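A.B. asks: My questions will all concern the structure given below.
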Amino acid sequence: MSVGIEHIYAYAPQHALPLPALAEARGVPAEKLTQGLGVRAMAVPLPCEDVVTLAATAGARCLRAAGVDPRTIGMLVVATETGVDHSKPVSIFVHELLGIGPHCRTYEVKHACYGGTAALMTAADWVRANRTKARHALVIAADIARYALGSPGEPTQGAGAVAMLVGPEPRALFLSEESGVHASNVYDFWRPLDRREALVDGKYSIDCYLDALTGAFRAFRDLERPALEEGEGLVDRLARVLYHAPFPKMAAKAHRRLLEVDRGGTTDDLYAASYRDLVAPGLEAVSQVGNTYTASLYFCLASLLEDEGRALSGRRIGLFSYGSGCCAEFFTGVLPAGAATLGATGVRASLAGRRLIDVPTYEQLLHEGEQGGRAPADFTGDFVFAGIRDDRRIYGRAREALAA
Ligand code: CAA
C-alpha cells in the first residue's frame with residue numbers, strides 16, 4: 001500500500017538573530033559561524049511561544065493547507081526534546097488547540113533529534129495497518145534548541161516546528177517501506193531532567209553522527225544491493241539527499257562520508273559536484289532558522305518541496321535522520337506527481353515576515369525564557385502561551401489574546 005506524507009507545513013518564530021552579530025559579541029570571526037558552521041541566522045522564540053504553540057501553529061496550518069477536518073485525525077504524535085512537563089505530553093495541548101476529536105490516539109515521543117522520524121515511521125505503519133479505515137495521522141516535530149550562552153554550541157541554536165499529514169494519498173512524499181537503522185548508547189548530547197540547556201560533547205557528537213550515518217546507510221545499501229549495477233553508487237539513483245542539519249556544514253561532512261561508504265572513496269571534485277547538486281539546494285532554510293532538532297530534517301524537506309516540488313516530481317530522494325544518544329535512520333521517498341501542485345509549505349512565509357534582533361535583545365529573551373505573556377501586535381503565530389496558573393499551563397488563540 002502506498003503511504004506517505006500527504007501535506008507538510010513548517011513554522012519558525014519570526015524573531016531571528018543574525019550570526020555575524022553573535023560572532024562580534026563573542027569575539028570570533030563572523031566567517032567561523034557563517035562559513036565554518038554555515039549558519040547565517042537563528043530563530044529565537046518570544047516568551048509567549050513555547051514548543052506547544054510552535055507545534056500547534058504548524059499543525060493548524062498543515063491541516064488548513066490540506067483541507068482536512070481536524071476531527072478526522074485518528075492519530076496525533078508530537079516529537080520533541082523540549083517537553084513542557086515530565087508527564088503531560090505536548091500532544092494533548094496540541095490536540096485541544098487544533099480541535100481534534102476524542103477518538104484519536106495521541107502521545108509525545110522522544111529520542112533527541114530522531115524523534116520526528118520515529119513518529120513518522122510509526123504513523124506510516126499505523127496507516128498501513130488501518131488501510132480499510134482511511135484515517136489520517138498527524139505527526140508534528142517541534143523543538144527549541146538551547147545551549148549555554150558563550151558555549152561552542154550557542155551558534156547552533158534555533159526553533160521551529162514541521163507538521164506532516166500522513167496518509168494513503170501522498171502529495172508530498174511516498175515513503176519507502178525499507179530503511180537502514182543504526183543505534184548505540186553514546187553520550188554525545190543530552191539534557192538532564194533539571195536542565196534547560198543541553199549538554200554536548202561537540203566534536204565527539206560529530207563523530208557519533210558520522211558513525212551512525214555509516215551504519216544506517218550501509219544497512220540500507222545492503223538491502224538495495226541486488227538492484228544496483230556493478231560499480232553503481234546508490235547515490236547515483238537519488239535526485240537529492242537531505243540530512244539532519246544541526247548546522248549546514250554537518251550535512252556537508254555527512255555527504256562526504258556517504259560518498260565514501262557508497263563508492264569506497266571519493267575525490268574532492270566528485271564530492272564538490274555531488275554536494276552542490278544533491279545537498280546544497282535543501283539547506284537554505286536551515287541556514288536561516290538554525291537547529292530545530294526533531295524538525296531539522298523535515299524543514300529541509302519542506303523547503304525542497306516548496307522550491308523544487310515541480311521539478312523533482314517523480315524523482316527519488318534520500319533522507320538521513322540522526323538523534324544523539326543515538327539512533328539514526330536512512331530511508332528514501334519519491335515525490336509524487338502531486339508535489340508539482342503542493343504549493344506553499346510555510347518555509348518562505350516563515351522567513352519573509354522576520355524581525356532581526358540584536359544581541360542584547362536575544363540575551364534578554366533567553367534570560368526571560370518561556371514565561372508566557374502577551375503577543376506583540378505583529379505576532380505571526382496562531383497560538384500563544386499565556387502563562388502558568390495553579391501549576392497549569394494556559395494557551396489560547398493569538399488573535400483572541402491580542403483582542404483581549
Ligand atoms: N573562517 C572560516 N571557518 C572557520 C574559521 C574562520 N575564521 N574558524 C574556524 N572555522 C571552521 C573550522 O575549521 C571548523 O570547520 P571544520 O569542522 O570543517 O574543520 C568550523 O569552523 C567550526 O570550528 P570549530 O570546530 O573550532 O568550532 P567549535 O569548537 O566552536 O565547535 C561544534 C563546533 C562542535 C559544532 C559546536 O558548535 C557544537 O558543539 N554544536 C552543538 C553540537 C552539534 O550540533 N553536534 C552535531 C552532531 S550531533 C547532532 O546532530 C544532534 C543535534 O542536533 C545536536
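The values are calculated or read from the model by the stated rules, or taken from the named source; none is laboratory data. It should be emphasised that the depicted structure is a prediction, and the values quoted were computed from it without experimental measurement. Counting neighbours? That spans all protein chains shown, and the Cβs are built from the backbone with ideal geometry, glycine included. Remember, those area values only see protein heavy atoms, side chains included, never the ligands or the DNA or RNA. Shrake-Rupley method; radii C 1.70, N 1.55, O 1.52, S 1.80 Å.
A.B. asks: Before we move on, is Ala280 within 16 Å of the ligand (Cβ to nearest atom) and closer than 23 Å to Ala219 by Cα?
C.D. replies: In short, no.
A.B. asks: Taking the condition of being over 30 Å from Ala118 (Cβ atoms) and of a type outside the set (Ser, Thr, Tyr), how many residues in region 331-364 meet it?
C.D. replies: The number of residues fulfilling the criteria is 11.
A.B. asks: What residue, of Gly381, Gly387, is open to solvent by less than 40 Å² (accessible area, probe 1.4 Å) and outside any loop (DSSP other than H, G, I, E, B)?
C.D. replies: After applying the criteria, what remains is Gly387.
A.B. asks: Oh, and also: Considering only region 143-156, state which residues are more than 9 Å from the ligand (Cβ to nearest atom) and either free of Cβ contacts under 8 Å to residues at least 60 places away in the same chain or part of a loop (DSSP other than H, G, I, E, B) (or both).
C.D. replies: Listed by number, the residues that qualify are Arg146, Ala148, Leu149, Gly150.
A.B. asks: Scan region 301-321 residue by residue and report those that are assigned to a strand (DSSP E or B), open to solvent by less than 10 Å² (accessible area, probe 1.4 Å) and of a type outside the set (S, T, N, Q).
C.D. replies: Listed by number, the residues that qualify are Ile317, Gly318, Leu319, Phe320.
A.B. asks: Also, quick follow-up: Taking region 172-208, which residues are assigned to a loop (DSSP other than H, G, I, E, B) and not acidic (Asp, Glu)?
C.D. replies: Answer for region 172-208, where residues must be assigned to a loop (DSSP other than H, G, I, E, B) and not acidic (Asp, Glu): Ala172, Ser184, Asn185, Val186, Tyr187, Arg191, Pro192, Leu193, Arg195, Arg196, Ala198.
A.B. asks: Within region 188-208, how many residues are over 16 Å from Lys249 (Cβ atoms) and open to solvent by 80 Å² or more (accessible area, probe 1.4 Å)?
C.D. replies: Total satisfying the criteria: 7.
Yes/no per residue for (1) at pLDDT below 95; (2) under 16 Å from the mean Cα position of the chain (by Cα); (3) under 13 Å from His244 (Cα atoms); (4) open to solvent by less than 30 Å² (accessible area, probe 1.4 Å):
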{"residue": "Glu260", "(1), (2), (3), (4)": "no, no, no, no"}
{"residue": "Ala328", "(1), (2), (3), (4)": "no, yes, yes, yes"}
{"residue": "Thr332", "(1), (2), (3), (4)": "no, no, no, yes"}
{"residue": "Gly343", "(1), (2), (3), (4)": "yes, no, no, no"}
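A.B. asks: Here's a follow-up. How about region 10-129: which helices (runs of 4 or more DSSP H) wholly inside it have at least 2 residues that are more than 16 Å from the ligand (Cβ to nearest atom) and modelled with pLDDT of 95 or more?
C.D. replies: The helices (runs of 4 or more DSSP H) meeting that bar are 51-66, 90-98, 115-129.
A.B. asks: Still on this model: Any residue in region 206-221 that is touching a strand residue (DSSP E or B) at 6+ places or on another chain (Cβ under 9 Å), away from the ligand (no atom under 16 Å from the Cβ) and among the aliphatic types (A, V, I, L, M)?
C.D. replies: yes
A.B. asks: While we're on this one: What's the number of the only condition in (1) within 16 Å of the ligand (Cβ to nearest atom); (2) over 24 Å from Lys253 (Cα atoms) that Leu351 fails to meet?
C.D. replies: Tallying (1) within 16 Å of the ligand (Cβ to nearest atom); (2) over 24 Å from Lys253 (Cα atoms), Leu351 fails exactly one: (1).
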